[in-house]
1. If you take every residue apart from Y19 with its C-beta less than 12 Å away from the C-beta of Y19, what net charge results, scoring Lys and Arg +1 and Asp and Glu -1?
2. Tell me the trypsin sites (Lys or Arg not before Pro) within the stretch 1-82 that lie in a loop according to DSSP and have at most 14 other beta-carbon atoms within 10 Å.
3. Mind giving me the FRET efficiency for K96 and A256? R0 is 51 Å, r the Cβ-Cβ distance, nearest 0.05 is fine.
4. Mind checking the stretch 9-63 for GluC sites (Glu not before Pro) that DSSP puts in a loop (not H, G, I, E or B) and that have at most 14 other Cβ atoms within 10 Å?
5. Provide the FRET efficiency to the nearest 0.05 for the R84-L112 pair, computing r from the beta carbons and using R0 = 22 Å.
6. When we measure straight from the Cα of K96, which lysines land under 20 angstrom away, once same-chain ones fewer than 8 places off are left out?
7. Taking θ as phi - 60°, what are the ³J(HN,Hα) couplings along the stretch 182-197 by the Karplus curve (6.51, -1.76, 1.60), each to the nearest whole Hz, with x for Gly and Pro?
8. Per 0.36 nm of contour for each residue apart, how much would the distance between H206 and K152 grow if the chain were fully extended, relative to their Cα-Cα spacing?
Amino acid sequence: MADIVILTHADDEFGRRRYLLTTLAEHWTRAGHRVSVAVGTGPSPKGDIAILHVDVSVLPEAYAKVAKRFGTVINGSTTDIRKRVVSQNLLGPKDKWTGPVIIKTDLNCGGLPERRLHRIALGRSTPSVAATEPVHIEGAYEVLPSLPEVPKAVWRNPGLVVEKFLPEEDERGYWARTWVFFGDRERCTRYLGAEKIVKGANILAHERVAVPKEIRAERERLGFDYGKFDFVVHEGKPILLDANRTPSAPPRAGSAAMKAANARLAKGIEAFLK
């Protein structure tokens with residue numbers, strides 16, 4: 001049996017949040033492994049393996065140093081998941097792209113983790129320890145017909161990026177795909193929505209699909225051991241949209257089917273214990 005240490009941000013309140021890793025850790029405990037949570041950058045428990053689960057887009061150097069205490073670190077190479085790193089479809093104001101565009105936050109998940117940590121730090125009257133200061137993100141995730149229609153203020157805002165809008169759509173609506181993986185275990189699902197941006201609240205249907213080799217190559221490029229990739233297949237070409245190394249628990253996490261799926265996913269830890 002192994003000692004597994006989860007490395008978390010000092011202000012993250014890991015045990016109170018609905019992370020997928022919380023569910024996976026419950027399976028590891030039932031399998032006989034010992035799981036502990038290291039909070040912040042102080043002394044950490046000894047362990048056979050560590051999982052870097054610091055919920056910010058850019059990993060602070062102090063947490064990278066903590067990870068170096070361990071011989072095996074899951075997601076030890078995923079130090080930056082901003083759109084400027086993840087996306088290969090970003091645009092500048094002088095590009096010649098003629099199709100629709102979408103405005104996004106550079107930070108993952110709309111910058112919500114950074115703003116939350118910043119708010120907690122202010123409430124404790126301590127300096128902000130978020131990796132990147134929160135920025136004003138008005139207009140984020142807006143789809144525009146063309147590049148010239150992007151407001152000048154967007155180009156001046158370092159917290160925003162502009163990307164080609166390359167949807168996956170058919171006669172039923174718009175599709176988005178999610179690939180969740182841990183080591184050599186995975187699941188990939190395609191979700192149908194009526195709106196251009198497919199979110200959990202507007203999902204109409206879903207189905208299991210295969211993971212394209214191009215998206216697997218993106219995992220290799222970004223150095224992910226565990227996480228969730230959102231992508232589409234636009235006109236036959238797979239396109240990565242977002243990469244998240246601290247995914248939340250999925251909807252219907254308490255259903256029998258999802259419990260079984262997470263049990264299978266949790267077995268991915270075995271690939272790192274051999």
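Just so it is clear, none of the values below were taken in a lab; they were calculated from the coordinates. Worth saying up front: this structure is predicted, and the values here are computed from it rather than measured. Here the Cβ positions follow ideal geometry from the backbone for every residue, glycine too, while neighbour counts run over all protein chains shown.
1. +1
2. Those satisfying the criteria are R18, K46, K68.
3. For R0 = 51 Å, the calculated efficiency reads 0.50.
4. Answer in residue order: E13.
5. 0.75
6. Correct list for K96: K104, K152, K164.
7. So the J values, rounded to whole Hz, are 9, x, 9, 10, 7, 8, 9, 10, 10, 10, 9, x, 7, 9, 4, 9.
8. Answer, rounded to one decimal: 15.7 nm.
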